[in-house]
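Taking it in order: structure first as structure tokens, then the write-up.
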Amino acid sequence: MLKTFFLVASLSLCLIASIKGQEQLDYYLDAAVANSPLLNAKKNDLRGASLDSALVRATYRPQVGFTANVAYDPIINGVGYDEVITNKQQGSTLVHFDMLLPGNRMVKAQNGFAALNRRSLSLDYSLTVKDLKQQVTNQYLVVYGDQQQLAYLKESFQLLQREDSILQRLARANIYRQTDYLTFVASMRKQQLLSMQALSQLKYNLGQLRYLCGIEDTSLVSLSKPNLPLAELVNVDSTLTTRKFTADSMLIASKHSLIDAQYRPTFSLHADAGYLSSFLFEPYNNFGVGVGATFAIPIYDGHQRTLQHQRVVLQEQSLGFEKGKVVRLQQIQRRLLRVQLHDLAQQSKEVEEQLSFAHALVEANRRLLESGQVDIPMFFMSIQSYMDLEGQKWSAEVTRYMLINELNNISE
């Protein structure tokens, strides 16, 4: 029975030991950015926005086109369209030229709106990259924590396994009771089961990380210790989130200029050349050209201009309220995270001190165990206490990385 158990345990440890390679956090961050459909769509939106200024310029360039038209309006028994209006029949083939001459205010307003829209989309893209990287980093830390837990359980099992042969010999010599030894073996089997469960959890979370990054791979790899230094805290007004709010506010405000520019006088030129005839008198002489101009001044629009300005003001107020709320929450979150990091540092220091005592106790009990001066349950309790502290140590390390990741994300 015990031989079967140790064979299974050995196979499990071999499977754990088969974890290959070491992959860096940057590898997953780069893959996530490169493979994200959302980022690709936002990048195309940004490229499209870069064409807005060109579209504005194209709108005010000469527009040239060609039209052809033939019409016949018969009068039957004196009934039909008025011949004075329709000329009864007509045909035309014309090349026409149209050009809108905008005022400086309209061009400036449209170009300004296009530039602000590009800036807003650029910041939106950067924010999406930042949030995606935070999500990937968190999942990386989850997998790294699973990896640390697996290593901790493996170490715990190996520590118990080293003592098994001694305890088995002492139990056969009746220095220790057989029941105490079997209790010890049961504890070893429990550690082996926990290792198998931890390995399964590691595989699942590693698969989730690769799914998030768009990586097609099923091999079991080892993740390197993340390099996550605590970034310097910047002023809240300088963060990407606040800058995005500022850009959006300026974009909305620029709509006022666009609305006002639409109510400025407009002037346009038009010309045409070709053939236009009613076929009633010398149709072979009806080739010609025509030129003209149009000048328009808006006078009354039923208060549409005022209503459009009011709608823009409401958008500005909503954005201002949202910005104030987000900035306040970020400031509160910053304080809470810094307090958590400080408390965690104190706890980690205490754990380190207790670990040195727990390790000394395990070594002392090991020496006493061989002479039968300490019972097996007490020896196991000292090992368990030491391993629990080891677990708290790596758990605090992973928690610290997650707090730093969140704080860095807010500060960026």
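Taken together, the values in this text are just the output of simple stated rules run on the coordinates, not laboratory data. Everything quoted here is computed from the prediction, not taken from an experiment. Positions of Cβ are backbone-derived with ideal geometry, glycine not excepted, and every protein chain shown enters the neighbour counts.
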Using a cut-off of under 15 Å, list every residue of the stretch 239-270 whose amide N is near the label point 7 Å from the Cα of GLN315 along the Cα-to-beta-carbon line. 245-262
Taking LYS225 as the anchor, which lysines have their alpha carbon closer than 30 Å to its alpha carbon, excluding any fewer than eight residues away along the same chain? LYS20, LYS130, LYS133, LYS154, LYS190, LYS203, LYS349, LYS393
Once you charge only the Cβ atoms, +1 for Lys and Arg and -1 for Asp and Glu, what is the size of the charge dipole of the stretch 315-359 about its Cα centre, to the nearest 20 debye? 320
Most exposed to least, judged by fewest other Cβ atoms within 10 Å, GLU83, GLU406 sort to GLU83, GLU406
Specify which residue in the list LEU276, LEU212, LEU240 is farthest towards the positive end of the charge dipole of the stretch 170-283, using unit charges on the beta carbon of Lys, Arg (+1) and Asp, Glu (-1), about the Cα centre. LEU212
Of the peptides 183-189, 291-297, 332-338, 230-236, how do they stack up when ordered by the mean number of other Cβ atoms within 10 Å, highest first? 183-189, 332-338, 230-236, 291-297
What dipole magnitude, in Debye to the nearest 20, does the chain give about its Cα centre under +1 on Lys/Arg Cβ and -1 on Asp/Glu Cβ? 680
Candidates for Cα Rg over 2.2 N^0.38 Å are (1) 1.81; (2) 0.98; (3) 1.32, and the calculated one carries label (1)
Given MET196, VAL70, THR93, which one lies farthest toward the positive end of the charge dipole of the chain, if we put +1 on the Cβ of every Lys and Arg and -1 on the Cβ of every Asp and Glu? MET196
per DSSP, antiparallel bridges as share of beta bridges in the chain, % nearest 5, sits at 90
Would you compute, from DSSP H runs of 4+ residues alone, the mean residue ellipticity of the chain at 222 nm, taking -39500 (n - 2.57) per run and dividing by the full residue count, rounded to the nearest 500? -24500 deg cm²/dmol
Answer in debye to the nearest 20: the dipole magnitude of the stretch 260-334 about its Cα centre, from +1 Lys/Arg and -1 Asp/Glu charges placed on Cβ, is 840
Please name whichever of PHE357, LEU403, TYR263 sits farthest to the positive end of the charge dipole of the chain, dipole taken about the Cα centre and charges placed at Cβ: Lys and Arg +1, Asp and Glu -1. PHE357
